[in-house]
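Report on the structure given below.
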Amino acid sequence: MKISKSIIALTSALALLGSTSLAADGAQPWHLTYQIGGANLDSDRDTRDGDLWNSVGFGYFITDNVSLDLEYDEFDGDYENYNVVVPGATYDEWNLSNWGLMGRYFIGENAWRPFVGLGFGAEKHRSVLDEDTNLSANVALGLHGQLAKHWSVRAQAMWRQDMDGSSIPSRGEFRDLYYSLGLSFDFGGRDEPAAAAPAPAPAAAPAAPPPNPDLDGDGVLNEKDKCPNTRPGAVVDLDGCEVEAVIALDNVHFDFDKATLRPEGLAILDKAAGLLKQYERVVVEVAGHTDSVGSDQYNQGLSERRAATVKDYLVGQGITATRLTSHGYGEAQPVATNDTDEGRALNRRVELIVLDR
């Protein structure tokens, strides 16, 4: 069996077509397709055109304009002079079936789009005289229409070159035309976002608070509180605003995606432990931070692990665990730009925040 240059060219074109795109963002990328139609066979086959041609396929849109389908089709035909070749034989003993891959390129972005297709496969021939399988190559033209979210139709004309060199010894290939109409069930896409709910009606104005309440519990009445949402337990000044002292731990930085202390940071943490031992009433929060690489959720967890690592080290140096809390702030509080390697390295840090004295 010889493979012609046209087969090699079609195979190369399909490989190139499939390698130039990423996965599609189309609404329903997967599809199951059934096609039914007729055939106009090569006259040299010495056949009648026979029964209906039908096909089933399973495919995926690699991009919004390119699909790749695995397809199976079958056709029953009659030899024109079959009973002369095989006396007494009936006309229903000749069959073609083909397994193949078909790539299609769809033009435009409208609901109805023309397309061109290139494909190759293996075609099996069955009759009372012969049963063999040969290479086949396909070229298609057609029109694709989207009927609804999960349903589409396809009208197609396909030319097939069949490398059959055994059915008729004097011929090494045949060229057949198949025309069909197909229906596809499309699935696997993301649902469209739901319409936004209407804005709720404005709430009624709340009742006036009791005279001189202290809603945030910081000891400063609301009428004098310039920071009315102070977090519980914080140390505040006479205006009700939190007093924080942030102790920067220079050189306590972390490698990318790591929560392991580096050797150069241990000396700094030892000095911080000595300072905390001198001021035994001080309560501190160990605050962990990350750069902006990665998702918000992942960076939040990574910052919490870094804070916990430093807290555990300070406890190991003799600091009472009840004087320490740890909290992760993810990527939300950078001290340098996240656009450079140097800036991101500075943001992968841990600080000590004095909560109480």
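Couple of notes before you dig in:
Listed here are the residues, each with its yes/no results for (1) in the same structural domain as Lys258 (by TED's automatic domain parsing); (2) of a type in the set (D, E, K, R); (3) under 15 Å from Leu249 (Cβ atoms).
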site	(1), (2), (3)
Val293	yes, no, no
Asp296	yes, yes, no
Arg305	yes, yes, no
Val310	yes, no, yes
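- Considering only residues in the range 265-297 that are surrounded by fewer than 16 Cβ atoms within 10 Å (Cβ to Cβ), of a type in the set (Asp, Glu) and modelled with pLDDT of 90 or more, the one that is nearest to Arg323 (Cα to Cα) turns out to be Asp270.
- Those residues of the range 256-271 which are touching a helix residue (DSSP H, G or I) at 6+ places or on another chain (Cβ under 7 Å) and assigned to a helix (DSSP H, G or I), in sequence order: Leu269
- Failed criterion for Tyr82 (all others in (1) in contact with a Phe, Trp or Tyr (Cβ under 7 Å, 6 or more places away or on another chain); (2) modelled with pLDDT of 65 or more; (3) of a type outside the set (Gly, Ala, Ser) hold): (2)
- Looking across Trp99, Trp112, one residue alone is in contact (Cβ under 8 Å) with a residue 24 or more places away in the chain, among the aromatic types (Phe, Trp, Tyr), farther than 21 Å from Glu74 by Cβ and assigned by TED's automatic domain parsing to the domain that holds Thr33. It is Trp112.
- Of residues in the range 60-79 being farther than 16 Å from Ala140 by Cα and buried (at least 21 other Cβ atoms within 10 Å of the Cβ), the one modelled with the highest pLDDT: Phe61
- Selection within the range 309-357 - hydrophobic (A, V, I, L, M, F, W, C), over 38 Å from the mean Cα position of the chain (by Cα) and either outside any helix (DSSP H, G or I) or surrounded by fewer than 17 Cβ atoms within 10 Å (Cβ to Cβ) (or both): Val315, Ile319, Ala321, Leu324, Leu352, Ile353, Val354, Leu355
The values are calculated or read from the model by the stated rules, or taken from the named source; none is laboratory data. Just so it is clear, the model here is predicted, and its values are computed rather than measured. In this analysis, Cβ positions are derived from the backbone assuming ideal geometry, glycine residues included, and neighbour counts consider all displayed protein chains.
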